[in-house]
1. On average, how much accessible surface per residue is there in the chain, in Å², for a 1.4 Å probe, leaving out ligands, DNA and RNA?
2. Once you charge only the Cβ atoms, +1 for Lys and Arg and -1 for Asp and Glu, what is the size of the charge dipole of the chain about its Cα centre, to the nearest 20 debye?
3. Ignoring ligands, DNA and RNA, what percent of the accessible area of the chain is carbon or sulfur (1.4 Å)?
4. Against the globular-protein guess of 2.2 N^0.38 Å, express the Cα radius of gyration of segment 1-133 as a ratio, rounded to two decimals.
5. When only alpha-carbon atoms are used, what values of Rg and Dmax, in angstrom, describe segment 33-88?
6. What chymotrypsin sites (Phe, Trp or Tyr not before Pro) in segment 37-123 are in a loop by DSSP, with at most 14 other Cβ atoms within 10 Å of the Cβ?
7. In whole percent, what relative contact order does segment 23-120 give with Cα contacts below 8 Å and a gap of six or more residues?
8. Using a ≥ b ≥ c from the Cα gyration tensor of segment 132-178 (square roots of the eigenvalues), is it rounded, prolate or oblate, where a/c under 1.5 gives rounded and otherwise the larger of a/b and b/c decides, a/b for prolate?
Amino acid sequence: MYYEQSDLIETAGQEKLDLIAHARKLTGEYYFSDYRDTEGRNAILRKLLGGMGENVAIDTPFHCNYGKNIFLGSHVIINMNCTFVDDREIVVGSGVLIASNVQIYTAGHPVMPQERLNFENKETKTFFRTFARPVRIEDNVWIGGGCILLPGVTIGKNSVIGAGSVVTRSIPADSVAVGSPCRVIRRF
């Protein structure tokens, strides 16, 4: 994947580690909360997420890096065991269904080892480089079970991503797309 210098991020600075610890604390509270306590669970989500609309349901377990980079519209369902690696924004529109075991990654690492590994630079806390790009899921989308969305993709309005797909490139609106790599098989 091509990335630009502005896509590179530091992942191990103290501020980032504190944000991750805060997200782990809140996702733990959410996991152990009473499933029937909608008001209490929503209060936890409002502390965790960057923003969320009305009628949002996230099943547990739910995993994320920071939470604050996740923005959900209204009428969103995120089923169990989803992982959102939100080093950049993950924006989910309204009327979206996300099935179980979906993974959304905004972060990745350069493919070439000379770009990925960074043993010489003592100013950073990590020995590797990470890049990150936002992921967007537009309104009325259905993401099937076990899908993986990679950094920088957009899923267009009304589209369906078939179960088990690996989305490496953006999918246009009004499409059914499946496979690894995910490709449009039908437009409507």
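1. Per residue, the chain has 53 Å² of solvent-accessible surface.
2. Value, rounded to 20: 340 debye.
3. Here it works out to 54 percent.
4. Ratio of Rg to 2.2 N^0.38 Å for segment 1-133: 1.16.
5. 10.6, 31
6. Loop-located and lightly packed - PHE119.
7. 21 percent
8. Oblate, because a/c is 1.5 or more while a/b does not exceed b/c.
The values are calculated or read from the model by the stated rules, or taken from the named source; none is laboratory data. What you are looking at is a predicted structure, and each value in this text was computed from that prediction instead of being measured. Positions of Cβ are generated from backbone atoms using ideal geometry, with glycine treated the same way; all protein chains shown enter the neighbour counts. Quick note on the areas: whole protein, heavy atoms, side chains included, nothing else; ligands and nucleic acids left out. Shrake-Rupley method; radii C 1.70, N 1.55, O 1.52, S 1.80 Å.
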